[in-house]
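Undergrad: Take this structure, written in structure tokens, and hold onto it; I'll ask about it next.
The values are calculated or read from the model by the stated rules, or taken from the named source; none is laboratory data. It should be emphasised that the depicted structure is a prediction, and the values quoted were computed from it without experimental measurement. Cβ placement follows ideal geometry from the backbone for every residue including glycine, while neighbour counts extend to all protein chains displayed. Protein only, heavy atoms only, side chains kept; ligands, DNA and RNA dropped before computing areas. Shrake-Rupley method; radii C 1.70, N 1.55, O 1.52, S 1.80 Å.
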Amino acid sequence: QVQLVESGGGLEQAGGSLRLSCAVSGSTFSRYVMGWFRQAPGKEREFVAQISWNTGSTYYADSVKGRFTISRDKAKNTVYLQMNSLKPEDTAVYYCAAKSRGTWMDQTAADFDSWGQGTQVTVSS
């Protein structure tokens, strides 16, 4: 299995930026797709972005497209989420996740089988 530890969350003003990091350890066979999800109080967990570990191909939710960038550094075993032009509605706990099987377009939380503890992002208005 894979272990994931998020960091980089915090408080930011609307229009500002934050970069989240996800340290990845464990089997490389369990991380062929890495993703970021978020969950606000009272809401369901929401897909944000994903990246192929090997190729770097990315896919984004419409709500963050053009503002957020997912990337990975293979040598550092780290996945990043650069968040620009933050909005109050981006406020949520952000989770790093790994998908070991399935297809590229499987983007629900149930399609990912390893999860980090989450890091809080709060955007003030």
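Undergrad: Which loop-located chymotrypsin sites (Phe, Trp or Tyr not before Pro) does the range 83-125 contain, where loop means any DSSP state but H, G, I, E or B and the Cβ has at most 15 other Cβ atoms within 10 Å? All intermediate terms of the calculation are to be shown ahead of the outcome.
TA: Numbers: sites: Tyr94, Tyr95, Trp104, Phe112, Trp115; in loops: Trp104, Phe112.
Within the range 83-125, the qualifying chymotrypsin sites (Phe, Trp or Tyr not before Pro) (loop, at most 15 other Cβ atoms within 10 Å) are Trp104.
Undergrad: For the range 29-106, what is the accessible area per residue in Å², given a 1.4 Å probe and the full set of protein chains? Each step should come with its number before you reach the end.
TA: On the way: 3780 Å² over 78 residues.
Per-residue accessible area for the range 29-106 comes out at 48 Å².
Undergrad: Still on this structure, please answer the following. Which of the trypsin sites (Lys or Arg not before Pro) found in the range 72-125 are in a DSSP loop and have at most 12 neighbouring Cβ atoms, other than their own, within 10 Å? Don't skip to the answer; put the middle values down first.
TA: Values: sites: Arg72, Lys74, Lys76, Lys99, Arg101; in loops: Lys74, Lys76, Arg101.
Qualifying residues, ordered by number: Lys74, Lys76, Arg101.
Undergrad: How much of the accessible area of the chain, probe 1.4 Å, is carbon plus sulfur, in whole percent? Please report the intermediate quantities before stating the final value.
TA: On the way: 2970 of 6280 Å².
Of all accessible area on the chain, carbon and sulfur atoms account for 47 percent.
Undergrad: Tell me the label-point distance for the pair Ala40, Asn77, using the 7 Å Cα-to-Cβ offset, in nm and rounded to one decimal.
TA: 3.5 nm
Undergrad: Among Ser124, Val93, Gly9, flag the residue with its Cα farthest along the positive direction of the charge dipole of the chain, charges on Cβ as +1 for Lys/Arg and -1 for Asp/Glu.
TA: Sorting the options by dipole projection puts first Gly9.
Undergrad: Hey, another quick one. When only Cα pairs under 8 Å and 6 or more residues apart are kept, what is the percent relative contact order across the range 1-105? It would help to have the intermediate numbers written out before the result.
TA: Values: 212 pairs, mean separation 36.9, N = 105.
Averaging sequence separation for qualifying contacts and normalising by length gives 35 percent for the range 1-105.
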